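To start, the structure under review is shown below, and the notes come after it.
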Amino acid sequence: MTAKPPTPLFAVSSACRELGLRVGAILFRNVEIGPASTDLRTKIDVEVDRVRQQFPEMAHAKATPELQRIDSVFRQCGVKPRKHSSSVHRLYHGVIKRKGFPCVNNLVDAYNLISLQSRCTLGSHDIDQFAAPCTLRLIQGDETFVPLGKNQNEQPVPGEFAYIDSAKRVMCRLNVLQADFSKVTDTTRNAMVIVEGSTAHDQTELPGIFQRCLELVEQSCGGKGEIIALPD
């Protein structure tokens, strides 16, 4: 009797590829979540200075092809970017407006540094808390969504793109609104980091972005990383 192949942890629908999203994922096992090290903070400070020199005003960053493209994807889904700006927009806005780089923990800080460098959107989920696979697809309307820090379901909007587990729970709506159930905490030991680019990114450079993320998270959080899905 032939054994069934293992359930993949991550998948991307053709509809989201048609929107122009180019997405993959990295699996990390046996990580230790805690405050960022001095070395990581130094790397972040260097990158923050570089971004501020390259983009004196937020308008300059918003004019880049990568940020313009994610705005276009939002509009295709019926979302107004001014109402729900992407997480990479928010990251750049905080840095350029000198509100600061958001310090969360060593994992989040590490992948936010990669986001600043690449203008990809990155996010993470506790692998042991969701039902595989996590699929990037369009919301159909029969899913549930309990936002971070809340305990009541908020009806997700059909037509938006989202990361959804096999139990039809929205893990992240768009790339902005994180669900509570799959969040990474200081007790997380196994995490999946999603790297979301678009057709505006140089497709030949995306594998290198994934590799830099893998190496930085390993350096910052310990454990072992494996790229489980690359954009195709």
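The values are calculated or read from the model by the stated rules, or taken from the named source; none is laboratory data. Just so it is clear, the structure is predicted and the values come from calculations on it, not from any experiment. In this analysis, Cβ positions are derived from the backbone assuming ideal geometry, glycine residues included, and neighbour counts consider all displayed protein chains.
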Among the numbered conditions (1) at pLDDT below 95; (2) charged (D, E, K, R); (3) surrounded by 13 or more Cβ atoms within 10 Å (Cβ to Cβ), tell me where Lys4 comes up short. (3)
When the range 22-34 is examined, which residues are found to be buried (at least 19 other Cβ atoms within 10 Å of the Cβ) and farther than 14 Å from Ala229 by Cα? Val31, Ile33
Yes or no: Glu154 over 20 Å from Leu113 (Cα atoms) and acidic (Asp, Glu)? yes
If you take the residues of the range 176-232 that are out of contact with any helix residue (DSSP H, G or I) (no Cβ under 7 Å at 6 or more places or on another chain) and of a type in the set (Val, Ile, Thr), which of them is nearest to Cys120 (Cα to Cα)? Ile194
Take Asp165 and decide whether it is surrounded by fewer than 22 Cβ atoms within 10 Å (Cβ to Cβ), charged (D, E, K, R), in contact (Cβ under 8 Å) with a residue 24 or more places away in the chain and in contact with a Phe, Trp or Tyr (Cβ under 6 Å, 6 or more places away or on another chain). yes
For a quick check of your reading: which helices (runs of 4 or more DSSP H) sit entirely within the range 1-72 and have at least 1 residues that are of a type outside the set (Ser, Thr, Tyr) and closer than 17 Å to Ser87 by Cα? 38-54, 58-62
Filtering the range 82-109 for residues that are small (Gly, Ala, Ser) and over 12 Å from the mean Cα position of the chain (by Cα) leaves a count of 3
How many residues does the range 95-110 contain that are at pLDDT 95 or above and farther than 16 Å from Asp186 by Cα? 2
Could you give every pair whose Cβ atoms fall below 7 Å, whose first residue belongs to the range 60-89 and is at positive phi, and whose second residue is of a type outside the set (D, E, K, R), counting only separations of at least 6 or pairs across chains? Gly78/Gly159
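Any idea which of Ile139, Ile114, Ile127 is buried (at least 19 other Cβ atoms within 10 Å of the Cβ) and either under 18 Å from Val73 (Cα atoms) or among the acidic types (Asp, Glu) (or both)?
Details: Ile114 fails: either under 18 Å from Val73 (Cα atoms) or among the acidic types (Asp, Glu) (or both); Ile127 fails: either under 18 Å from Val73 (Cα atoms) or among the acidic types (Asp, Glu) (or both).
Of Ile139, Ile114, Ile127, the one residue that is buried (at least 19 other Cβ atoms within 10 Å of the Cβ) and either under 18 Å from Val73 (Cα atoms) or among the acidic types (Asp, Glu) (or both) is Ile139.
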Answer yes or no: is there a residue in the range 47-66 that is farther than 30 Å from Arg29 by Cβ, within 14 Å of the chain's Cα centre (by Cα) and modelled with pLDDT of 95 or more. no
Can you tell which of Arg69, Arg75, Arg17 is under 21 Å from Glu196 (Cα atoms) and surrounded by fewer than 13 Cβ atoms within 10 Å (Cβ to Cβ)? Arg75
The correct count of residues that are in contact with a Phe, Trp or Tyr (Cβ under 8 Å, 6 or more places away or on another chain), within 26 Å of Gly149 (Cα to Cα) and not in a strand (DSSP E or B) in the range 184-232 is 2
Looking at Cys120, Cys134, which one is under 17 Å from Ala61 (Cβ atoms) and under 15 Å from the mean Cα position of the chain (by Cα)? Cys120
Sort out which residues of the range 171-204 are surrounded by fewer than 19 Cβ atoms within 10 Å (Cβ to Cβ) and either in contact with a Pro (Cβ under 8 Å, 6 or more places away or on another chain) or free of Cβ contacts under 8 Å to residues at least 12 places away in the same chain (or both), and write them in order of number. Leu177, Asp180, Ala200, Asp202, Gln203, Thr204
